[in-house]
Every structure is written in C-alpha cells, then in structure tokens.
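Quick notes on the structure that follows.
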Amino acid sequence: MPVGTAFHERTLALCESLSYREWSGYYAPCRLETNHIYEYTAFRRSAGLIDVTPLFKYDVRGPDAARRSFAHYADAARLAQSVGLAVNAGHDLDLDNLGMFRELPFLAEVSIGHALMSRALFVGLPVVVREYLNVLL
C-alpha cells in the first residue's frame, strides 16, 4: 500500500484534481489542478517544484563500484554525443570520482560547486581549489 511522502499533507491540500498515482510505493499527484496546461505553463515560464522522494537511489558498493557506475554514465554520454547533444556532469562529483570523468573527451562541463564549497568549509577555499585543479589538470 502506498504511503505519503514528507510533502504529502502539503500537496494534498493543494491538489484540486485529486488525481494521485502510486509511484515507487508513494502517493504522488499526477497534477495539482484539474487542467494540466496551467502547471505546464508555470514550469515553462517560471519555476516548478516536484516531490522527487519516489525516485530511485542507488547504493553501489564494492572495490569497483565507482567504475561500474561510471560505465553506465559513459555509455549514455557517448550516445548523447553521437546525436549532437552536449554532455555535462555534476551534482555528485567530488574529488573521489571526478578523475574518471576526465576520460570523456567530449565532456562539455562539470558541476563541482557544491562539493567544492562543502569541503572548503572544513579546509579552506585555497586548499580545495588546488585539490580540484590537481584532479582536473
């Protein structure tokens, strides 16, 4: 039986459509309003908020866990590049896994700001910038 997420009470109060579905064991609204066009327009013109609690999270462990996980990303990145899409990586990149992404010759951009600033709180920004430059260059 599905359960509500931490946001369920708030979305329930806003859900005029009363249109819910089960999504990975959670109740998730299909749309909040009775006509989807209002939400679609809001997402296109301003900002939207989606409760992503039901999205799958993976915990890959073992001596070659990072390499196995990266192999899937590299396959997808090669496919994207082959059809003319730019390939970016980020949000979970840090000093431990950033080096693997240097292997992708067509990688357009990496997003390391969150990890960089989080580490800088403990060791200082100049130290962290040097650490990341050592990995990237």
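Only the coordinates and a few stated rules stand behind these numbers; no lab work does. In this text, all values refer to a predicted model and were calculated from it rather than measured experimentally. Backbone-built Cβ (ideal geometry, glycine too); neighbour counts: all protein chains shown.
So, Ala80, is that one farther than 30 Å from Ala120 by Cβ and either within 18 Å of the chain's Cα centre (by Cα) or part of a loop (DSSP other than H, G, I, E, B) (or both) or not? Taking the combined requirement at face value, the residue satisfies it.
Being within 30 Å of Val128 (Cα to Cα) and surrounded by 10 or more Cβ atoms within 10 Å (Cβ to Cβ), is that true of even one residue in segment 51-61? Even if it seems obvious, please write down each step before you answer.
Pass one, segment 51-61, residues within 30 Å of Val128 (Cα to Cα): 57-61.
Next cut, surrounded by 10 or more Cβ atoms within 10 Å (Cβ to Cβ) only: 60.
Looking for residues that are within 30 Å of Val128 (Cα to Cα) and surrounded by 10 or more Cβ atoms within 10 Å (Cβ to Cβ), one finds at least one in segment 51-61, hence yes.
Taking the conditions exactly as written (without any contact (Cβ under 8 Å) to a residue 24 or more places away in the chain, out of contact with any His (no Cβ under 6 Å at 6 or more places or on another chain) and over 30 Å from His8 (Cβ atoms)), does Gly113 satisfy them or not?
Answer is yes for this residue.
Taking the numbered list (1) surrounded by 14 or more Cβ atoms within 10 Å (Cβ to Cβ); (2) out of contact with any Pro (no Cβ under 9 Å at 6 or more places or on another chain); (3) assigned to a helix (DSSP H, G or I) in turn, Thr11 passes all entries but (2).
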